[in-house]
């Protein structure tokens, strides 16, 4: 198979996995009344917040059609996220989870873990280190991959800053 055909297949395999994974996650989250993009906002705020809208946007991987401000507006309206004055610089608003948002976050983790167990079972016994390395290299060339690298932690932040 030619190198171009292999790259094309890689692109379509990633797309297929992303679509099926997002579809499965949406089904898991539907009973909670939340979308995968909204769940990602809650996860990021719980794991990295409180933070400004701009900082939140820099950590999101969800589809670009969902602007952080619209996602946050919906979550504020649902009583899951609150806006407050930044304690360091009063010119900025910070976003954080409400008690309801924290409770829903725990349920999101449970739903995500069900999906992750399914994926784990599908790839059990497969050598994943090289696959993950290849996917990180590919994803790191794009803004969403850089956002994900920033979320993985400071030891990988240099990958996001190089882009």
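For the chain, what does -39500 (n - 2.57) per DSSP helix run (n ≥ 4), summed and divided by total residues, give at 222 nm, in deg cm²/dmol to the nearest 500?
Details: 8 runs with 106 residues, N = 163.
Theoretical 222 nm ellipticity from helices: -20500 deg cm²/dmol.
Mind pulling the angle between the C-alpha long axis of helix 129-139 and the longest principal axis of the chain? Nearest 10 degrees, somewhere in 0 to 90.
On a 0 to 90 degree scale, this one is about 60.
Report the residue, chosen from 85, 108, 34, that carries the largest GNM mean-square fluctuation when the chain is represented by alpha-carbon nodes joined by springs under 10 Å.
85
Binning at 5 angstrom from zero up to the longest distance, how are the C-alpha pair distances of segment 7-76 distributed in percent?
P(r) over segment 7-76, rounded to whole percents: 3, 15, 24, 21, 16, 12, 6, 2, 0.
Under the √(5λ) rule applied to the eigenvalues of the Cα gyration tensor, what semi-axes describe the equivalent ellipsoid of segment 94-146? Give them in Å, descending. Don't skip to the end; give the middle numbers.
Working: eigenvalues 166, 81, 7 Å².
Semi-axes, largest first: 29, 20, 6 Å.
How many percent of the alpha carbon pairs in segment 3-124 exceed a separation of 22 Å?
Numbers: 3119 of 7381 pairs.
Pairs farther apart than 22 Å: 42 percent.
Remind me, relative contact order of segment 3-124 in percent, using alpha carbon pairs under 8 angstrom and six or more residues apart?
Details: 107 pairs, mean separation 32.6, N = 122.
Dividing the mean separation by the residue count of segment 3-124 yields 27 percent.
Note the full-extension length gain between residue 30 and residue 141 as 0.36 nm times their separation in residues minus their Cα-Cα distance, in nm to one decimal. Please list the in-between numbers first.
Values: separation 111, 0.36 × 111 = 39.96 nm, distance 3.19 nm.
Computed gain between residue 30 and residue 141 is 36.8 nm.
Between segment 117-134 and segment 33-80, what is the separation of their alpha carbon centroids in Å?
28 Å
Using label points projected 7 Å from each Cα along Cα→Cβ, tell me how many nm separate residue 67 and residue 5, to one decimal.
Here the answer is 4.5 nm between the modelled labels.
Sort 88-100, 126-138 by packing, meaning the average of other beta carbons within 10 Å per residue, with the highest value first.
Numbers: 88-100: 13.6, 126-138: 10.7.
Top to bottom by mean Cβ count within 10 Å: 88-100, 126-138.
To the nearest 10 degrees, how steep is helix 36-48 against the longest Cα principal axis of the chain, on a 0 to 90 scale?
Roughly 70 degrees between the two axes.
Expressed in nm to one decimal, what extension gain is obtained for the pair residue 47 and residue 124 from 0.36 nm per residue of sequence separation less their Cα-Cα distance? Before the final figure, lay out the partial values.
Working: separation 77, 0.36 × 77 = 27.72 nm, distance 2.76 nm.
Separation in residues times 0.36 nm, less the Cα-Cα distance, equals 25.0 nm.
Can you pull a Stokes-Einstein diffusion coefficient for segment 36-79 at 37 °C (0.692 mPa s), Rh from Kirkwood over Cα pairs, as a whole number of µm²/s? Write out the running numbers ahead of the final one.
Details: Rh = 10.3 Å.
Approximately 319 µm²/s, per Stokes-Einstein.
Please give the length that would be gained between residue 116 and residue 18 if that part of the chain were fully extended, namely 0.36 nm times their separation in residues minus their C-alpha to C-alpha distance (nm, one decimal). Each step should come with its number before you reach the end.
Details: separation 98, 0.36 × 98 = 35.28 nm, distance 1.31 nm.
Additional length available on full extension: 34.0 nm.
Just so you know, all these numbers are worked out from the coordinates, no wet-lab data involved. Computed from a prediction, not measured in an experiment: that's the story for all the values here. Positions of Cβ are backbone-derived with ideal geometry, glycine not excepted, and every protein chain shown enters the neighbour counts.
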